Amino acid sequence: MMTPRLLNYLRRNLPTMQDAEDVLSETLIAAVHALPSFDGKASLATFIFSLAYRKIADFYRKRQDVVELSDQRASAGVTSKAVEFEEVIDRLPETTKQVLLLRYHVGLNVGEIAQVIDRSYKGTESLLSRARQQLREALEDAGFEYG
């Protein structure tokens, strides 16, 4: 079922579970309204994730007070290394962060990500390659070791 994956994606991108649930509702309502225009060229999941991607942007455009995500995660009992990793990801440029999340957290392929962010396949492929390099460099700068 797609809803848990969608909720996890929203939860990773929004400050609180309540915000994620609110945006999930908005996304599903938008999907119902947009369904008549769904042409089937993309999968239904890609269609809905593209709506969610835009709803996340809407959320932050409307939001006036910014909540520190690392403080919430630390108080929720998340390990310090996990908090550090998430802080590194949160410092990446927004598009970079989104393509990494869509690829590795949600599990979309390059073609699906291209449709979600409204870019060409080749452009998305290049963006994902640069995003991996930026993440690698950011992790090295933060002192993370990996194989």
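The values are calculated or read from the model by the stated rules, or taken from the named source; none is laboratory data. Since the model is a prediction, treat every value here as computed from it, not as a measurement. We place every Cβ from the backbone using ideal geometry, glycine too, and count neighbours over all the protein chains shown.
Check segment 131-147 and report whether any residue there is under 25 Å from L44 (Cα atoms), at pLDDT 90 or above and surrounded by 15 or more Cβ atoms within 10 Å (Cβ to Cβ).
No - not one qualifying residue is present in segment 131-147.
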Next item on the list: Tell me which residues, restricted to segment 111-124, are buried (at least 16 other Cβ atoms within 10 Å of the Cβ) and out of contact with any Lys or Arg (no Cβ under 7 Å at 6 or more places or on another chain).
Entry: E112, A114, Q115, V116, I117, R119, T124
Notebook entry, point to check: How do the pairs read when you match residues in segment 40-55 that are assigned to a loop (DSSP other than H, G, I, E, B) with residues anywhere that are not small (G, A, S), using Cβ under 8 Å and keeping only pairs 6 or more apart or on different chains?
Noted result: A42/E112; A42/Q115; S43/E112
Next item on the list: Working carefully through the options L101, L6, L92, L69, find the one that is modelled with pLDDT under 80 and within 30 Å of R136 (Cβ to Cβ).
Entry: L69
